[in-house]
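All remarks here apply to the structure that follows.
The values are calculated or read from the model by the stated rules, or taken from the named source; none is laboratory data. Because the structure is predicted, anything quoted here is derived from the model rather than measured. Please note: Cβ atoms are built from the backbone with ideal geometry, for glycine as well, and neighbour counts cover all protein chains shown. Calculation scope for accessible area: heavy atoms of the full protein, side chains included, ligands and nucleic acids excluded. Shrake-Rupley method; radii C 1.70, N 1.55, O 1.52, S 1.80 Å.
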Amino acid sequence: MNFLAPAAFVFSLLIPVVIAMYLLKLRRSEQVVSSVYLWRRMVRDVEANAPWQRLRRNLLLLLQLLFLAAVILALARPYSWVEGASGESIILVLDNSASMNAVDVTPNRLEAAKTRARQLISSLPDDATITVILAGENASVLASSSQDRRLALQAIDSIQASAGSSDMTTALQLASAIAARQTDVEVIILSDGRTTLPDRISIKARIRYLPFGLSGDNQAISLLNVGPAPGSGSLTAFTQVSNYAESSAQRRLEIYVDGFLVNAFDLEIPATEQVAVLVEDLPPQTRLVEARLTQPGCSQPCIADALPLDDRAWAVYRSGEPVRLALVTDGNLFLEVALSLLPNVDLTAFSPTEYETHYPANHHIDSLQTDSFDLIVFDYYIPPGIWSTAVLENGEGVEQSPGLTEKPLSDLPPGNLLFIAPPHSTSIFTVSGALDGPLPRAVDMEDPLLAHVNLSGVSVLTAARISLPDWARVVIAGDSAGASIPLLFAGEVDSRRIAVLSFDLHHSDLPLQIAFPVLLSNLTGWLAPGKGADLSTYVSPGMPVSLTLPLGVESAVVTRPDGSRVHLTLEEDRMIFAETQQLGVYQVSWGEREHIDFAVNLFSPQESDIKPVDNLPVFGIDSGESEGHTWLARREWWRPLVFLALAIMLIEWLVYHRATLSQLNSQASGLLIALFPRNRS
Amino acid sequence: MNSTPLFDETFLRKLERLAIMSRRAMSGQLQGERRSTKRGQSVEFADFRPYSIGDDFRRIDWNAYARLERLFIKLFIEEEDLSVHLLIDTSKSMDWGDPNKLWYARRAAGALGYIALAGLDRVTVSDLGGSIGNGSYFPPHRGKTAAFDLFSFLQNISSGGHTDLAPRLRAYSARAMLPGPLLLFSDLMDDGWSDGLRSLARRRYEITILHILSPDEIDPTLSGDLKLIDTETSAAVEITADFDLLARYKTGLAEWQEEIRRFCGARGMHYVPIVTSLPFDELLFAWLRRYMVLK
């Protein structure tokens, strides 16, 4: 027991004063009476009760001394060191990442952290300000510098488990910003340490880290992928199971295809190792593959390891419908072969005459519903309907046609378009001559269209000089004699994708390079994504999903794994969905029966490796206090002492007036009897 | 001591109408107005008895002789005086109260003594102050002429410090042989009161206890934590005078008076409780008559 104000013990000098006053009070005033004979007779009766009488007198003194002692103790502000927070301001940083779902502490790490946070809040001094920061997928401040404990507790209660990662860096930056405004700040991090940390952060506060979690015993499905087996129509599922525990584990991997168990493997996974499992010969119409990790010989439900969250994984196979591709060319072997070799492509080749017969210029809109293509490749050909009127035969045209800006796309064929060596200007770009011998150069090596494309050694004989329209970006530029023209540009016009390759393939050695099929694959992949093809293969929890839906779809419904539905309004056929906190299979549906599934999996070694980190390697802590000292917080005891003093005072009053009270009581009852004599009979 | 005269003339004249009651006949020493156990000369016939030699033949009833031819002597009731003993407790505790108990006792003794003197009785007064043999003594007097001696004697007695009631009363009963009414003026606030009264009861006195208490002894007006000092013995008793205690004091006082009354009743004594706040007229003309002390 320590005291904040030991000077108050000076008041203990009052104790002898009270005793002295009591003794003075006991030195009775002398009163001479005729004889004490009768008094003595009576006191002799009283003598029988003397011990009690003495006790009663002493009881009063005792109570007074107790009262005084309690008040002095309260004034001295005693406190004891308890484990807890002691700062004037406390910033609680709670981690609710996936690893906090581990059940190695009951009920789980997050609940334990929340309970601990509540304890910390309740042990705070009254005037402490509380800030609650949630270091989740996106760090957020739930309660900011509030003295209202109820608010802080509500904020703690509102924290829910998530399957995402934790953004401790941002959370600590927030804490740092808040701490800068306050004094005597204590930042308490409640986490299991499985989080990204800043290399160095300067927080003007004491930082404590309360680790949660006991064991790192966890096995996880760290990868699940489904793809077509090369050379056969069947599918192959690739599964990787990781053991993050310090000892080897016996686990059973079950593979479900569209809800039916098709295979199971008993795995012996060495400590901190991974085991890959290849499941072959899955039927080609497979839509969904699910992998489950269970304990061998354990009937479901069975919790095999500390973190059940990563014991299931899903993979959606989306290649049921081929991309429909039209090639309009006078004959280009390179293109035809390259396109036909692309996987999952339904290629239809037209000659320009055939194309014009099938799709008269004025029937584009009508044919949209019935017989449209996902991508039309125009090789050295421009459909007559989109000829720019300003094109001159010698290739030198005016900058732009007058009607272009008004209705630029109404006359374009439906779907996405790839123009190769356009001979004329169109309503969306303008061909203004040619340039000889441009040297291809990648504008941005990071461009996804140029992934794995090596342009070195590619020569171009001549290319159309096309000024870059404002909707497009240059992918490949061609430099020649100080001039620079776009050789390949791509962009989106009114939510349709259009790419233009400005040189004829016959006038280049590109088709002979390895870069050609890769570039073509990238281009068709971008131009004709198919349903959900632009979905990421791996969607992590909390990661936004972007999905291009067919033209004309205005709204979609996303059904989440728990059955809840989210209605989305689409902007420019693009759906962006960010509420992917749950693990499992999400279904995006639109129209009557159209839908695309995607799976959200926790393929995160950071979260699956749940071994708690005992010391958080955060550097740049300004406070130099040692850890052991900062764990302690003062708990003051003056409040119960004051209540005790009040209680003692009340008891003293009752004891002092006991006789009078009983007298009053009897008088009152006598009065009652006198008033209501009938009561006696 | 108190030099004011005890009574004025008119009051004394009123007193002459009273007399001290005596319930039994007692033999006295001189001719008086009281019926004696003896047969003697008075107007009141008592009995006949046959003549025997030596009898005064003046008292022979000749009428009877004429009728019966035998000699009978007429006997008459002898009327003799009474010895009235007045005992005044002059212990220090009696010199207390307002009105003062001792002064009240002296006045009462004076009044009763005068009544007795006026009734041709012998009156003797003793004060029970001080130690044995130390107290003053008013020897037996008769006749109203002795009244002034009596009054001056009473005026000169004063409180005599500590008194042990029991030995004083025992000594008095051993010394004063004459039977007669004995009136004891005391507050009896002494542990020996019962022993003293018991020794008196052995003599053939007709004892009346006039138990004199002052108003503040009946209803003490004390409060707070007090140390009570006995004015007589200087003994101390510590009390906390609260409501409860005073109520118990009154109960104790009533019980004590009842105890004395029962004690006296068992021994043929009269017990008259007197509070000094009682007006003196009322005491003599009402109170004492009610208690059959005076008639």
Exercise for the section: Consider B:THR240 carefully, then state whether it is open to solvent by 30 Å² or more (accessible area, probe 1.4 Å), in a strand (DSSP E or B) and within 13 Å of chain A (Cβ to nearest Cβ). Expected result: yes
Handout entry: strands (runs of 3 or more DSSP E) wholly inside segment A:211-288 that include at least 2 residues being open to solvent by less than 60 Å² (accessible area, probe 1.4 Å) and out of contact with any Ser or Thr (no Cβ under 8 Å at 6 or more places or on another chain)
Key = A:235-243, A:249-257, A:260-269
Exercise for the section: For segment A:324-358, enumerate the residues that are over 20 Å from A:VAL518 (Cα atoms) and in a helix (DSSP H, G or I). Expected result: A:PRO352, A:THR353, A:GLU354, A:TYR355, A:GLU356, A:THR357, A:HIS358
Practice task
May I ask you to list the residues in segment A:422-469 that are within 43 Å of the chain's Cα centre (by Cα), in contact (Cβ under 8 Å) with a residue 24 or more places away in the chain and open to solvent by 40 Å² or more (accessible area, probe 1.4 Å)?
Solution key: A:ARG441, A:VAL443, A:ASP444, A:PRO448, A:HIS452, A:ASN454
Practice task
Select from segment A:109-155 the residues that are open to solvent by less than 20 Å² (accessible area, probe 1.4 Å) and in contact with a Phe, Trp or Tyr (Cβ under 7 Å, 6 or more places away or on another chain) and list them in ascending order.
Solution key: A:ARG109, A:ALA113
Practice task
Taking the residues in segment B:74-123 that are within 14 Å of chain A (Cβ to nearest Cβ) and of a type in the set (A, V, I, L, M, F, W, C) as candidates, determine which candidate is most open to solvent (accessible area, probe 1.4 Å).
Solution key: B:TRP103
Problem - Verdict on A:ASN416 being at pLDDT 50 or above and exposed (fewer than 13 other Cβ atoms within 10 Å of the Cβ) - result: no
Practice task
Could you please let me know if B:ASP187 is among the acidic types (Asp, Glu) and open to solvent by 30 Å² or more (accessible area, probe 1.4 Å)?
Solution key: no
Exercise for the section: Count, please, the residues in segment B:38-54 that happen to be at pLDDT 80 or above and either within 39 Å of the chain's Cα centre (by Cα) or loosely packed, with under 13 Cβ neighbours inside 10 Å (or both). Expected result: 7
Exercise for the section: Answer yes or no as to whether B:THR276 is open to solvent by less than 40 Å² (accessible area, probe 1.4 Å), in contact (Cβ under 8 Å) with a residue 60 or more places away in the chain, away from chain A (no Cβ under 14 Å) and under 27 Å from B:ILE115 (Cβ atoms). Expected result: no
Practice task
Name the helices (runs of 4 or more DSSP H) wholly inside segment A:582-681 in which the number of residues that are at pLDDT 75 or above is 3 or more.
Solution key: A:605-608, A:638-656, A:658-675
Problem - Residue among A:ALA315, A:ALA291, A:ALA306 that alone is surrounded by 19 or more Cβ atoms within 10 Å (Cβ to Cβ) and either β-branched (Val, Ile, Thr) or part of a loop (DSSP other than H, G, I, E, B) (or both) - result: A:ALA306
Fill in the blank from the handout: Counting only residues in segment B:222-237 that are touching a residue at least 60 places away in the same chain (Cβ under 8 Å) and of a type in the set (D, E, K, R), the one farthest from the other protein chains (Cβ to nearest Cβ) is identified as B:GLU232
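For (1) assigned to a loop (DSSP other than H, G, I, E, B); (2) more than 14 Å from chain A (Cβ to nearest Cβ); (3) modelled with pLDDT of 90 or more, each residue gets a yes or a no:
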site	(1), (2), (3)
B:ALA166	no, no, no
B:MET177	yes, yes, no
B:LEU184	no, yes, yes
B:ASP195	no, yes, yes
B:LEU200	no, yes, no
B:ILE209	no, yes, yes
B:PRO220	yes, no, no
Problem - Complete set of residues in segment B:243-273 that are away from every other protein chain (no Cβ under 14 Å) and either on the phi > 0 side of the Ramachandran plot or in a helix (DSSP H, G or I) (or both) - result: B:ARG261, B:ARG262, B:PHE263, B:CYS264, B:GLY265, B:ALA266, B:GLY268
Problem - Selection status of A:ASP199, in contact (Cβ under 8 Å) with a residue 60 or more places away in the chain, under 16 Å from A:SER608 (Cβ atoms) and in a loop (DSSP other than H, G, I, E, B) - result: no
Fill in the blank from the handout: Selection from segment B:133-155 of residues within 19 Å of B:LEU12 (Cβ to Cβ) and open to solvent by 50 Å² or more (accessible area, probe 1.4 Å) yields B:ARG142, B:LYS144, B:THR145, B:PHE148, B:ASP149, B:SER152
